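Enquirer: Below is one structure. I have some questions about it.
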Amino acid sequence: GKVSPLFDGNAFWRVVTRDASPAAGAHADCIPAVRATWEAIDSATGSAAGRAELSSVFRLCEPLREGASPSDAEGGAGARLKALLLNVFDTLAMGNFPYASNYLVFQQTRDPTVLLPAWPMRAACAHFAGAVTSDAPSLLRRMAAAAGVLYNASGKARCYALPRSALDGGDGIWDWQYCTQRLPQETYFNLTGGRDMFWRFNKSAATIATHCTRRFPGVVQRPGWIAATSAFSSAGSASHIIFSNGEYDPWRSGGVLRNLSSTLVAIEVPQGAHHLDLMFSNADDPEPVRAARRAELALVREWVAQ
């Protein structure tokens, strides 16, 4: 079921999937190959030899163990491996900028010289070019190479650590935000495996509440807080807001996509990822991004002059 009846969380993952398609400049083999890889991982986790292969191919810091254990918190090691890989496509979709950028990797490396490549989703998807969906060993190697676009952007990573939970994907402070305020958080959005390129994973409100109680004992959960404090009841109850929505940004799935009034204005940012329009201008910015910035600036100037 949906975490919130007001929002279809799977829409987030459908945008991520579109970013991995030719419509967003990615290789045509990417989506079918990524979709087939999850079954290959599930199959491999069923045997000791398969788990050893996964541990080696994905350069895991600790070998995968059979089944779940108390130290696995939520989900077995195979499920946590898939959560680690899900985060690759999530992050590359948000950071799918037209130029090399340390946005979204600096928080991990603390090294400003480590950059994601230009159009990082396309770079990851390029590893699936020519993939055969029935060739499981090849799919695993290709997925590992795609994961390296994010996790080994420095070229120096020796191994990758699994998140401690298959539910939140190890999302740190954002998990706290979600558990305390239900700030929309993609790790809790359902996957279908059909409308997106992932696997079927339903996350109910009850399951998430149990996770939050386990993760943050004693913390008060306020499921309705965001809606109660952030929503406005009508177009007349707010004004002078620009809602910009990047074409490649998965968060557009929960955005305001049409004008609500003359001062509640939605601006589309074609070829834009997560708030690319708010970044410093770059010589490689596509013209539609520049046009969106000009429209935003014109509105701000008009409003300030009033």
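Enquirer: Pick out which of 280, 198, 216 has the largest mean-square fluctuation in a Gaussian network model of the chain, springs linking Cα atoms closer than 10 Å.
Expert: 280
Enquirer: Any chance you could run the full-extension gain for residue 219 through residue 241? It's 0.36 nm times the residue separation minus the Cα-Cα distance, nm to one decimal.
Expert: 4.6 nm
Enquirer: Heavy-atom accessible area per residue, region 223-306, 1.4 Å probe: how many Å²?
Expert: I get 57 Å² per residue for region 223-306.
Enquirer: Within 10 Å, count the other beta carbons around each residue, average over each peptide in 238-251, 92-105, and list them highest first.
Expert: Most protected by this proxy first, the peptides run 92-105, 238-251.
Enquirer: What full-extension length gain, to one decimal in nm, is calculated for residue 263 and residue 291 as 0.36 nm per residue of separation minus the Cα-Cα distance?
Expert: Full extension from residue 263 to residue 291 adds 8.2 nm.
Enquirer: Now a separate question. With Cα Rg over 2.2 N^0.38 Å in mind, check (1) 1.22; (2) 0.93; (3) 1.05 and report the label derived from this structure.
Expert: The listed entry that was calculated here is (3).
Enquirer: Ignoring everything except DSSP H segments at least 4 long, calculate the 222 nm mean residue ellipticity for the chain; use -39,500 (n - 2.57) per segment, divide by total residues, nearest 500.
Expert: After summing the helix terms and dividing by residue count, I get -12500 deg cm²/dmol.
Enquirer: For region 131-172, what does the alpha-carbon gyration tensor say about shape, rounded, prolate or oblate, given a ≥ b ≥ c as the root eigenvalues, a/c under 1.5 as rounded, and a/b over b/c as prolate?
Expert: It is oblate, given that a/c is not under 1.5 and a/b is not larger than b/c.
Enquirer: Pick from 219, 57, 265: which is most flexible by mean-square fluctuation in a GNM of the chain where alpha carbon atoms under 10 Å apart are linked?
Expert: 219
Enquirer: Carbon-plus-sulfur fraction of the accessible area of the chain, 1.4 Å probe, in percent?
Expert: 56 percent
Enquirer: Place a +1 charge on the Cβ of each Lys and Arg in the chain and a -1 charge on the Cβ of each Asp and Glu, then give the dipole magnitude about the Cα centre in debye, rounded to the nearest 20.
Expert: 400 debye
Enquirer: Next up: Can you give me the distance in nm between label points at residue 21 and residue 205, each placed 7 Å from the Cα along the Cα-to-Cβ direction?
Expert: About 3.1 nm separates the two model spin labels.
Enquirer: Quick check: from the Cα gyration tensor, does region 68-148 come out rounded (a/c under 1.5), prolate or oblate?
Expert: Because a/c hits 1.5 or more and a/b fails to exceed b/c, region 68-148 counts as oblate.
Enquirer: While we're looking at this one, here's another question. Looking only at 273, 124, 49, which one moves most when the chain is put into a Gaussian network model with springs between Cα atoms under 10 Å?
Expert: Comparing 273, 124, 49 in a Gaussian network model of the chain, the most mobile one is 49.
Enquirer: Using the Cα atoms as the points, what is the convex hull volume per residue of region 175-306 in Å³?
Expert: Measuring per residue, one finds 160 Å³ for the Cα hull of region 175-306.
The values are calculated or read from the model by the stated rules, or taken from the named source; none is laboratory data. Computed from a predicted model, the values in this text were never measured in an experiment. Note: ideal-geometry Cβ built from the backbone for every residue, glycine included; neighbour counts use all protein chains shown. To get the accessible areas, we keep the full protein, side chains included, count just its heavy atoms, and leave off ligands, DNA and RNA. Shrake-Rupley method; radii C 1.70, N 1.55, O 1.52, S 1.80 Å.
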